[in-house]
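Everything below concerns the one structure shown next.
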Amino acid sequence: MATKFLEDVRVLDLTNVLAGPYCCYQLALMGAEVIKVERPGSGDLARVLGTDPDRNAAGMGISFLAQNAGKKSITLDMKHPRGKELLKQLVRNADVLVENFRPGVMARLGLDYAVLRQENPNLIYCAISGFGQTGPRNGDPAYDQIIQGFAGVMSITGSPETKSYRVGYPIADTSGGMAAAMSIAAALNAEPRGAFLDVSMTDAVLSAMGWVVSNYLIGGIEPAAHGNENTTSAPSGTFATADQPINIAANRDEQWVSLATHIGRTDLLDHPDYVTREMRKAHRHALRNEIETVLMTRPAQDWVTELNAIGVPSGPVLSVPQVLDDAQIAERDMIATLSKDGEEINVATGPAIIDGDKPMPAHYPPDLGEHNQEVWGALGLSPDDIAALQEEGIL
């Protein structure tokens, strides 16, 4: 059983859809008790999002299932005066609160950090938003694709002919969620505890873009869309084979020599267009065509095995079903199987292995309000109290 680093930490998850739920899912995998506080009657919007209409109708959409295993679910109307008081009661015994409302929403509810820290001075309050709590765009609505466009991701994705393309998964949401989880983990190490964490999805994406941003800031080179080519080196990119594409990264001179030798094209080593790293970069497309004339004679896996064996980094370009079926993923326990009432689902786990074990979600994603009796009961509410509050729509 993996070490649960956060097993004594209680997190109030007030978030919806992806960036916030993904953050809190990472904390749950590390052992935190995550209590998902949802709107009565509807809950997290992700409960009705996904490609399975029946699951959506049942309030357990695939989008919800993917990010909420191991959490508890309670319901609460934070707009109601009694609901506000109940949230404050929860905060008194919590370590972390995470929300991803638009900036200003919690203040209008009278439940922002300035208020809640009065209930618990040690509270770590993490606000995740598209643009952050400050700046002229802080109030703008922000979905993943909006952030990808604003942060410049789409301008460098695709080829010069096809740009601009979004990255094919919600990279802004997941980058923002992981940045929030990292910030919370750091804040939990502070003594005394207590902090306001302002996490911007835009900031997270720009930070993760690394050398793309630095090429412009330091080198003065405006990043552009280059398809599958690695602009820092050549031959480095995606190459056709007899059956499916592979990626090759012959970034060092010795790797280039090994590649050319292995495919029987030592003539390319003396070609005036390819003798130096910079010349190979300048003529990368012609060089790729020359290499592909050989690669297309044999299947991808043969080349991947042989090139890796001689120190030339390479790998197959797989579909999602193919990678999920790969032995590497199974060996790393990246997929957890969860069951409830005869229903079985598979969900992705986290990226870390701890002392040889992969942290796994504790249980199936919760039904809306599944833990109302447990959590509210622990605060002193009787079953009759809970029933009355549910009748009023407060729970």
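So that you can scan it fast, the table gives a plain yes or no per residue for (1) touching a helix residue (DSSP H, G or I) at 6+ places or on another chain (Cβ under 7 Å); (2) crowded, with 23+ Cβ neighbours inside 10 Å; (3) over 30 Å from residue 169 (Cβ atoms):
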site: 34; (1), (2), (3): yes, yes, no
site: 47; (1), (2), (3): yes, yes, no
site: 65; (1), (2), (3): no, no, no
site: 71; (1), (2), (3): yes, yes, no
site: 88; (1), (2), (3): yes, no, yes
site: 92; (1), (2), (3): yes, no, yes
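Those strands (runs of 3 or more DSSP E) of region 56-140 in which at least 2 residues are more than 21 Å from the chain's Cα centre (by Cα) and closer than 17 Å to residue 15 by Cα, considering only elements entirely within it, cover 72-75.
Every condition in (1) surrounded by fewer than 16 Cβ atoms within 10 Å (Cβ to Cβ); (2) of a type outside the set (Asp, Glu); (3) assigned to a strand (DSSP E or B) is met by residue 169 except one, and the failing one is (3).
Residue by residue, here is whether (1) over 16 Å from residue 67 (Cβ atoms); (2) part of a helix (DSSP H, G or I); (3) not acidic (Asp, Glu) holds:
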| position | (1), (2), (3) |
| --- | --- |
| 321 | yes, yes, yes |
| 346 | no, no, yes |
| 366 | no, no, yes |
| 373 | yes, yes, yes |
| 377 | yes, yes, yes |
| 387 | yes, yes, yes |
| 395 | yes, no, yes |
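Checking each residue in region 13-42 for being touching a strand residue (DSSP E or B) at 6+ places or on another chain (Cβ under 8 Å), under 16 Å from residue 179 (Cβ atoms) and outside any helix (DSSP H, G or I) picks out only 15.
Do we have any residue at all in region 162-173 that's aliphatic (A, V, I, L, M), touching a Phe, Trp or Tyr at 6+ places or on another chain (Cβ under 9 Å) and touching a residue at least 12 places away in the same chain (Cβ under 8 Å)?
Filtering region 162-173 down to residues aliphatic (A, V, I, L, M) leaves 167, 171-172.
Now narrow it down to the ones that are touching a Phe, Trp or Tyr at 6+ places or on another chain (Cβ under 9 Å): 172.
Next, only the ones that are touching a residue at least 12 places away in the same chain (Cβ under 8 Å) stay: 172.
Checked region 162-173: at least one residue is aliphatic (A, V, I, L, M), touching a Phe, Trp or Tyr at 6+ places or on another chain (Cβ under 9 Å) and touching a residue at least 12 places away in the same chain (Cβ under 8 Å).
For residue 306, are the conditions met, namely being more than 12 Å from residue 248 (Cβ to Cβ), among the charged types (D, E, K, R), surrounded by 14 or more Cβ atoms within 10 Å (Cβ to Cβ) and at pLDDT 95 or above? So residue 306 fails the test. Residues that are within 23 Å of residue 193 (Cβ to Cβ), basic (Lys, Arg) and in the same structural domain as residue 138 (by TED's automatic domain parsing) are absent from region 49-61.
The values are calculated or read from the model by the stated rules, or taken from the named source; none is laboratory data. Computed from a predicted model, the values in this text were never measured in an experiment. Glycine gets a Cβ as well: all are built from the backbone with ideal geometry, and neighbour counts include every protein chain shown.
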